1. Taking Ser127 as meeting all but one of (1) under 27 Å from Cys42 (Cα atoms); (2) among the hydroxyl-bearing types (Ser, Thr, Tyr); (3) in a loop (DSSP other than H, G, I, E, B), write down the number of the exception.
2. Quick check on region 59-75. Is at least one of its residues more than 17 Å from the chain's Cα centre (by Cα), more than 24 Å from Pro124 (Cβ to Cβ) and surrounded by 14 or more Cβ atoms within 10 Å (Cβ to Cβ)?
3. Among the hydrophobic types (A, V, I, L, M, F, W, C) and touching a Phe, Trp or Tyr at 6+ places or on another chain (Cβ under 6 Å): is that true of Leu142 in this structure?
4. What about Ile129, is it β-branched (Val, Ile, Thr), under 19 Å from Ala62 (Cβ atoms) and modelled with pLDDT of 95 or more?
5. Out of (1) surrounded by 13 or more Cβ atoms within 10 Å (Cβ to Cβ); (2) within 19 Å of Ile35 (Cα to Cα); (3) among the charged types (D, E, K, R), what's the single condition that is false for Glu96?
6. Answer yes or no as to whether Phe178 is of a type outside the set (A, V, I, L, M), under 27 Å from Arg48 (Cα atoms) and surrounded by 14 or more Cβ atoms within 10 Å (Cβ to Cβ).
7. Where in region 13-78 are there helices (runs of 4 or more DSSP H), lying wholly inside it, with at least 1 residues that are touching a residue at least 60 places away in the same chain (Cβ under 8 Å) and within 23 Å of Phe152 (Cβ to Cβ)?
8. When the residues of region 12-26 are narrowed to those that are surrounded by fewer than 13 Cβ atoms within 10 Å (Cβ to Cβ) and of a type in the set (Lys, Arg), which ends up farthest from Leu65 (Cα to Cα)?
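The values are calculated or read from the model by the stated rules, or taken from the named source; none is laboratory data. A quick note: this is a predicted structure, and the numbers were derived from the prediction, not measured. Note that we place each Cβ from the backbone using ideal geometry, even for glycine, and neighbour counts take in every protein chain shown.
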Amino acid sequence: MPHSFFAFISRLKHITRWSLMRNSSRENVQEHSHIVAVIAHCLAVIAREEFGKAVDPGLAAAAALYHDASEIFTGDMPTPVKYHNKAISSAYKEIEAQAAGKLLATLPKKLRPSYEPLFNPAEPENSLIKAADKLAAYIKCLEELKAGNREFRSAAEQTLQKIQSLDMPEVGYFMEHFMPAFELTLDELDFSVS
């Protein structure tokens, strides 16, 4: 019997994010997971190299690739709905956990123990992934605003407030050193090394 784990994972590209909003450029969960993994890896490297924290960049990146994998079964729930109240949020977390378990069950039994930590990462990697998720959302908002789409103005403001409230030095470093470039055009990006 074939195992369907990776066939399911490949379908993340069919799940659209930001479904309640008009998008100038559509984003799917597979694309989102990639940028979250890249940013989570970066945050872990910053945390380790700049702030001396014991963190595994490889684990952060790998777990970030799977951080929304349960959406294969649940779809992408819009943030205003997901966090409308504690009851909805709690119920959705339970549904996500069940969906993740269902997805893990599609792996051969001997492989599952290697994937389970990617679906439930421990600290500090889990916090880095959550921060990377917020940074990726903010980047999406900036890209939409840069394209003239004012639909994302409020989402950008709210997401920035959430990022600023994280009080994580590695996030502050990313915001200072990398985020400003996302507001530039391709012609404005600097190819020089400093």
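1. Every listed condition holds for Ser127 apart from (3).
2. Residues of region 59-75 that are more than 17 Å from the chain's Cα centre (by Cα), as a first pass: 73.
Next, only the ones that are more than 24 Å from Pro124 (Cβ to Cβ) stay: 73.
Adding the requirement that they be surrounded by 14 or more Cβ atoms within 10 Å (Cβ to Cβ) leaves 73.
Scanning region 59-75, I find at least one residue that is more than 17 Å from the chain's Cα centre (by Cα), more than 24 Å from Pro124 (Cβ to Cβ) and surrounded by 14 or more Cβ atoms within 10 Å (Cβ to Cβ), so the answer is yes.
3. Details: among the hydrophobic types (A, V, I, L, M, F, W, C): yes; touching a Phe, Trp or Tyr at 6+ places or on another chain (Cβ under 6 Å): yes.
Yes; evaluated as a whole, the condition is true for this residue.
4. Numbers: β-branched (Val, Ile, Thr): yes; under 19 Å from Ala62 (Cβ atoms): yes; modelled with pLDDT of 95 or more: yes.
Here the answer is yes, as Ile129 does meet what is asked.
5. (2)
6. Details: of a type outside the set (A, V, I, L, M): yes; under 27 Å from Arg48 (Cα atoms): yes; surrounded by 14 or more Cβ atoms within 10 Å (Cβ to Cβ): yes.
For Phe178, the condition - of a type outside the set (A, V, I, L, M), under 27 Å from Arg48 (Cα atoms) and surrounded by 14 or more Cβ atoms within 10 Å (Cβ to Cβ) - is met.
7. Working: elements: 29-51, 57-65, 71-74.
Of the helices (runs of 4 or more DSSP H) lying wholly inside region 13-78, those with at least 1 residues that are touching a residue at least 60 places away in the same chain (Cβ under 8 Å) and within 23 Å of Phe152 (Cβ to Cβ) span 29-51, 57-65.
8. The qualifying residue farthest from Leu65 (Cα to Cα) is Arg22.
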